[in-house]
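Engineer: What follows is a single structure, and I will ask about it in a moment.
The values are calculated or read from the model by the stated rules, or taken from the named source; none is laboratory data. For clarity, every value in this text was computed on a predicted model and none was experimentally measured. Every residue, glycine as well, gets a Cβ built from its backbone with ideal geometry; the counts of neighbours run over all protein chains shown. Quick note on the areas: whole protein, heavy atoms, side chains included, nothing else; ligands and nucleic acids left out. Shrake-Rupley method; radii C 1.70, N 1.55, O 1.52, S 1.80 Å.
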Amino acid sequence: MARKANAAAAANPGRLKQIALTYKMTRKADPKVGLIVAGVGIITLGVFLGIGFLIGHPVYLGILGFLVAFLAMAIVFGRRAEQAAFGQMEGQPGAAAAVLENVGRGWSTTPAVAMNRNQDIVHRAVGKAGIVLVAEGNPNRVKSLLAAEKKKMARILPDIPVHDIIVGTGEGEVPLKKVRTTLLKFPRVLAGPQVTVVNDRLRAMGDLMSNMPLPKGPMPKGMKMPRGGKMR
């Protein structure tokens, strides 16, 4: 029991520090976040207190209002922090991979299964909806990457549905903040064991990141690419 208590005590400062760091990062992109979250809490508590005085139970409604206000503040802060994070990631190479990594249980992600010399990238996610290829970069260039990758998937896993998403703000593209919801809207057609089989087949096939070491940061100017401009 003592060890659990010590562990909880040690974890709390870490959580508080993380919340404080998240707030600072959010405030840079959303300067009014503090006022909005505080306003939500005050209004929620005020409504419950008002109802409490009207029905003659201000203490009970005050306690309930405090709990509900805290929950409302947490929800509002979480959403605005998420929006701020997406705003900061928008347009950054690899941002879609970060979103895919946090889709949730039942999905496995392989970043950068295809890339060209312009650093247009295709990521792959596998779940009960099948295979989803998520491309980020120039819309005209990534289409050829997607076509090549879909052709490869059809050859290796002909009976598995393959969807594709191009991340962006143009017509027919999916904004970064909507990638997760778009992924989850695809119809579920595979059972759990089938997903495992698909992952095993793809893992055995290998991918860009496991077969070829890539330098961190911008691609060196003198680095030559294979013919066709694709890394495989």
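Engineer: On a full-extension model of 0.36 nm per residue, what is the gain between Ser144 and Phe66, subtracting their alpha-carbon distance, rounded to one decimal in nm? Intermediate values should be presented prior to the final figure.
Structural biologist: Values: separation 78, 0.36 × 78 = 28.08 nm, distance 5.50 nm.
Extra length available between Ser144 and Phe66 comes to 22.6 nm.
Engineer: Shifting gears a bit: Would you mind calculating the gained length between Glu82 and Lys17 on full extension (0.36 nm times residue separation, minus the Cα-Cα distance), in nm to one decimal? Walk me through the intermediate numbers first.
Structural biologist: On the way: separation 65, 0.36 × 65 = 23.40 nm, distance 1.77 nm.
The Glu82-Lys17 span can extend by a further 21.6 nm.
Engineer: Right, next: Can you spot the aspartates and glutamates whose alpha carbon is less than 20 Å from Lys28's alpha carbon? Ignore those fewer than 8 places along the same chain.
Structural biologist: Correct list for Lys28: Glu82, Glu90.
Engineer: What pairs in Lys150/Lys185; Lys151/Lys178; Lys150/Lys178; Lys32/Lys177; Lys128/Lys150; Lys128/Lys152 have C-alpha atoms more than 28 Å from each other?
Structural biologist: Over 28 Å apart, Cα to Cα: no pair at all.
Engineer: Does segment 104-193 come out rounded, prolate or oblate by the C-alpha gyration tensor, with a ≥ b ≥ c the root eigenvalues, rounded set by a/c under 1.5 and, if not, prolate when a/b is larger than b/c and oblate if not?
Structural biologist: Working: a/c = 1.93, a/b = 1.29, b/c = 1.49.
In terms of gyration-tensor shape, oblate.
Engineer: Here is a follow-up. Determine the share of segment 126-188's accessible area contributed by carbon and sulfur atoms, expressed in whole percent, with a 1.4 angstrom probe. All intermediate terms of the calculation are to be shown ahead of the outcome.
Structural biologist: On the way: 1630 of 3280 Å².
Here it works out to 50 percent.
Engineer: Tell me the label-point distance for the pair Asn102, Met25, using the 7 Å Cα-to-Cβ offset, in nm and rounded to one decimal.
Structural biologist: Between Asn102 and Met25, the simple spin-label model gives 0.7 nm.
Engineer: Would you mind classifying segment 145-187 by shape? Square roots of the alpha carbon gyration tensor eigenvalues, ordered a ≥ b ≥ c; an a/c under 1.5 is rounded, otherwise it is prolate if a/b is larger than b/c and oblate if not.
Structural biologist: Values: a/c = 3.58, a/b = 1.69, b/c = 2.12.
Since a/c reaches 1.5 but b/c is at least a/b, the shape of segment 145-187 is classed as oblate.
Engineer: Same structure again: Between Ile43 and Arg180, what is the FRET efficiency for a Förster distance of 25 Å, r being their Cβ-Cβ separation, to the nearest 0.05? Mind dumping the intermediate values first?
Structural biologist: On the way: r = 30 Å, r/R0 = 1.19.
The calculated FRET efficiency here is 0.25.
Engineer: Rounded to the nearest 0.05, what FRET efficiency do Leu35 and Ile156 have when you use their Cβ-Cβ distance and R0 = 45 Å? Working shown, then result.
Structural biologist: Details: r = 53 Å, r/R0 = 1.19.
Rounded to the nearest 0.05, the efficiency is 0.25.
Engineer: If Asp164, Asp30 are ordered by their accessible area, calculated over protein heavy atoms with a 1.4 Å probe, which sequence runs from highest to lowest?
Structural biologist: Details: Asp164 65, Asp30 25 Å².
These residues rank, largest area first, as Asp164, Asp30.
Engineer: Please give the residues of segment 102-127, grouped as numeric ranges, whose backbone N is less than 15 Å from a label point set 7 Å along the Cα-to-Cβ vector of Gln194.
Structural biologist: In segment 102-127, the label zone of Gln194 (backbone N under 15 Å from the point 7 Å along Cα→Cβ) covers 126-127.
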